Amino acid sequence: MANVSFTNVRKSFGDFTALESLDLEIHDGEFVALLGPSGCGKSTTLRMLAGLEFPTSGDISIGGRVVNDLAPGKRDIAMVFQSYALYPHMTVGENIAYPLKKRGLKKPERDEAVRRAAELLQLEPLLNRKPKQLSGGQQQRVALGRALVREPRVFLLDEPLSNLDAKLRSYMRAELIELHRRLGKTMVYVTHDQLEAMTMADRIVVMHGGRVQQFDTPDAVYNRPANRFVAGFIGTPPMNQIEGTVQGATFVVNSHRQPIKREAFAASLVDGPAVMGVRPEFVGIHDSGDGLPATVRLAENTGHETIVTLELPDGARIMSRVEAGRKLSVGQPVILRFDPAGIHLFEATENGARLNLDIPVAATLSQSA
Amino acid sequence: MTTIATDPPRNGPSPLERSYSRLGMLLIAPTIVVFSAVIVYPLLAAIYLSVFSIYTPTLEGEFVGADNYIEMLTGGVFWSSLLTTLIWTVGTLSLQIVFGVGLALLLHQNIWFRSLARSLVLFPYFLSTVVAVLVWRWLFNDLYGALNHGLMQVGIIDMPLDWLGSMPNAMIGVILVGAWKYFPFVVIAVLARLQTIPENLYEAARIDGAGPIARFWDVTLPQLRSVLTVIILLRAIWDFKEFDLLYLLTGGGPVTSTQTLSLLVYQEAFSLNRMGQAAAYSVGMMLVMLVFMILYIRRTKEES
Ligand SMILES: Nc1ncnc2c1ncn2[C@@H]1O[C@H](COP(=O)(O)OP(=O)(O)O)[C@@H](O)[C@H]1O
Ligand SMILES: [Mg+2]
């Protein structure tokens, strides 16, 4: 068993608190992504799990055993660094064999393990090369190989794909998913790229400002964001957040009254200021009729859809996702209507919590990229 | 004068390229002149002088062909002096490297006095050789020197030792002073390199199960290899031809036991007034150093 748990972990560097109380339960064999903007504490979390940083307080355990005082080499983990951190003077084969050598394995056993890893990652022709003679993608695979050979209980990966070009990155995403499926090992994957997290992870830890904002499946994080931060971080473009007022069974924004089902929201939703969240795919653009008047500011055709930026009379901006080829000109006045199935309400505070009760509404959507 | 605008012909340099290369020549000309005056001319002059028997004060003498070289190869003085030079070079260089690398590793650690220590360590290197030697001669003095005093206090010796006037003490003394004077160069060069070793490599090694000693051998040392090669070659060349420190500290003595080739050349030219023979010795010395230099040049070419 290699479940990983963080219990009330805090980490400060001097006066600066990088992580406030962190609680995570990662299951055995799970692929978990730590996702968040730069500086939110993802790497610090991973490095504490690796034993490269020490928690200021709290416990970290692997497989039920507290590892706080265990050296990195004794934790039975392997880590892939963003910079790959290959030993430059060693050949590919020597790099991959190094952790086994440090464990005292004999040469024939090491060679066999290296051969198997090289076969899995298609590195056989490169075994005698030095890292400098490899492309970024090849170095990446060597770093993976070095992690693989030791058959660790937990794999830690810190932005492993961010130095690759877009095409290679999408190829490696598929490779990593396949690798995880084959090995069935616990993997903790740090990224600031939501596409990587959404496509690869079983569950995502969304982090911000040293706190976990939400720890849930990609589907939940997308369709049921816990708060305004998650709503505004996940999705490209992210969820629209429109400030307004709740009045009985309506949400009033400017002069538009959007009907809402009060029973679908928590009791803490009271009349008064609130924030309505709507994903761009639920914002319909119409020429006339009932709705929220707006003006077209920009229409970006990506080929398979059009992303439209709209401006409300009060200056607020709203994004909409409509079919490709839809004719819209800049400055054109339009009417916006929101699909009731896609309406979320948040507390009006800076990072207000979501108030939907999530009674099954048919709202499972394909994740967008 | 052109009346029709045409593209410059693509075979051969364009006018712009030509004017650039003319400017380039102009800019390096002073360097070439100075280089010729202070390096090429003395070099050729030494080779020329080495086939004459020349009396230094008058700089006159007759052509003797290879006589000076035959004397050099068969006379024994050159060979014993070469041996002395090698002992001095290997001795002082080894200590410079050991202490230099050791201290660099120490200073690279996060210790509170690091920045102070970093500037202090440079002190011997920047101190003028004359001043340094005077201080060391005083320390080494057999009658009132602090070194003997200290050693006697602790009880390591009962009688004052003659440090610079007897062997092997004199050789040990110059080697120590040479190491003290020049190890800061090694510290600074190694420290600069240490700071460029990516921290991730150490972290990867720790995760791979490497302890502190394994990390030194498998991460630090391989990264230092190229800089150490260059330092060793450079310092070997410089120590091999060292003059002022040895001349001031022992003058080559007792008798000739610390007389390196530089001192031999000097003595031959200005004490014995045999400029031709001195020139032949210096040509011999240059040939030995050429080996180091070729190694150095090949090494730096490999790097780039
Ligand atoms: N060794 C350190 N000393 C001081 N501050 C640090 C250190 N490591 C990280 N931090 C700070 O902690 C915060 C979280 O860093 P990190 O975990 O690297 O973020 P990221 O989510 O981008 O990986 C950042 O504000 C960073 O500046
Ligand atoms: Mg990071």
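Structure notes:
- Residue in segment A:120-131 that is within 13 Å of chain B (Cβ to nearest Cβ) and either under 32 Å from the mean Cα position of the chain (by Cα) or more than 23 Å from residue B:222 (Cβ to Cβ) (or both) present: yes
- Residues satisfying the stated conditions in segment A:1-36, i.e. away from ligand 1 (no atom under 13 Å from the Cβ) and part of a strand (DSSP E or B): A:4, A:5, A:6, A:7, A:8, A:21, A:23, A:24, A:25, A:26, A:31, A:32
- Residue tally, condition more than 16 Å from ligand 2 (Cβ to nearest atom), aliphatic (A, V, I, L, M), in contact (Cβ under 8 Å) with a residue 24 or more places away in the chain and away from every other protein chain (no Cβ under 14 Å), over segment A:27-69: 1
- Against the list (1) within 16 Å of ligand 1 (Cβ to nearest atom); (2) over 19 Å from residue A:179 (Cα atoms), the condition residue A:82 fails is (2).
- Condition met for residue A:45 (assigned by TED's automatic domain parsing to the domain that holds residue A:202, under 30 Å from residue A:230 (Cα atoms), exposed (fewer than 15 other Cβ atoms within 10 Å of the Cβ) and β-branched (Val, Ile, Thr)): no
- Qualifying residue in segment A:76-89 (condition: without any contact (Cβ under 8 Å) to a residue 40 or more places away in the chain and within 14 Å of chain B (Cβ to nearest Cβ)): no
- From the list A:157, A:144, A:161, the one residue that fits, being within 13 Å of ligand 1 (Cβ to nearest atom), at pLDDT 90 or above and crowded, with 22+ Cβ neighbours inside 10 Å, is A:157.
- Selection status of residue A:137, away from chain B (no Cβ under 14 Å), closer than 20 Å to residue A:152 by Cα and in a helix (DSSP H, G or I): no
Table: residues versus (1) within 16 Å of ligand 2 (Cβ to nearest atom); (2) out of contact with any Lys or Arg (no Cβ under 8 Å at 6 or more places or on another chain).
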{"site": "A:137", "(1), (2)": "no, yes"}
{"site": "A:145", "(1), (2)": "no, yes"}
{"site": "A:156", "(1), (2)": "yes, yes"}
{"site": "A:168", "(1), (2)": "no, yes"}
{"site": "A:178", "(1), (2)": "no, yes"}
{"site": "A:186", "(1), (2)": "no, no"}
{"site": "A:208", "(1), (2)": "yes, yes"}
{"site": "A:227", "(1), (2)": "no, no"}
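- Test result for residue B:224, within 13 Å of another protein chain (Cβ to nearest Cβ), within 24 Å of the chain's Cα centre (by Cα) and more than 30 Å from residue B:81 (Cα to Cα): yes
- Test result for residue A:21, modelled with pLDDT under 95 and either charged (D, E, K, R) or surrounded by fewer than 20 Cβ atoms within 10 Å (Cβ to Cβ) (or both): yes
- Residue match in segment A:190-198 (condition: in contact (Cβ under 8 Å) with a residue 24 or more places away in the chain, within 14 Å of chain B (Cβ to nearest Cβ), surrounded by fewer than 17 Cβ atoms within 10 Å (Cβ to Cβ) and within 16 Å of ligand 2 (Cβ to nearest atom)): no
- The single condition from (1) touching a Gly at 6+ places or on another chain (Cβ under 8 Å); (2) more than 27 Å from residue A:74 (Cβ to Cβ); (3) without any contact (Cβ under 8 Å) to a residue 40 or more places away in the chain that residue A:206 fails is (3).
- The set of residues in segment A:325-369 that are farther than 18 Å from residue A:251 by Cα and either modelled with pLDDT of 90 or more or not in a loop (DSSP other than H, G, I, E, B) (or both) comprises A:328, A:329, A:330, A:331, A:332, A:333, A:334, A:350, A:351.
- For first residues located in segment B:216-242 and among the small types (Gly, Ala, Ser), partners that are at pLDDT 95 or above and assigned to a helix (DSSP H, G or I) and lie 6+ apart or on another chain with Cβ distances below 8 Å form the pairs B:236/B:89; B:236/B:93.
- Test set (1) under 27 Å from residue A:48 (Cα atoms); (2) buried (at least 22 other Cβ atoms within 10 Å of the Cβ); (3) away from chain B (no Cβ under 14 Å) - residue A:98 fails condition number: (3)
- Looking across segment A:37-74, just one residue is part of a strand (DSSP E or B) and in contact with a helix residue (DSSP H, G or I) (Cβ under 7 Å, 6 or more places away or on another chain), and that is A:60.
- Flag for residue A:152 being at pLDDT below 95, away from ligand 1 (no atom under 16 Å from the Cβ) and within 14 Å of another protein chain (Cβ to nearest Cβ): yes
The values are calculated or read from the model by the stated rules, or taken from the named source; none is laboratory data. Small disclaimer: the values here were computed from a predicted structure and weren't measured. In this analysis, Cβ positions are derived from the backbone assuming ideal geometry, glycine residues included, and neighbour counts consider all displayed protein chains.
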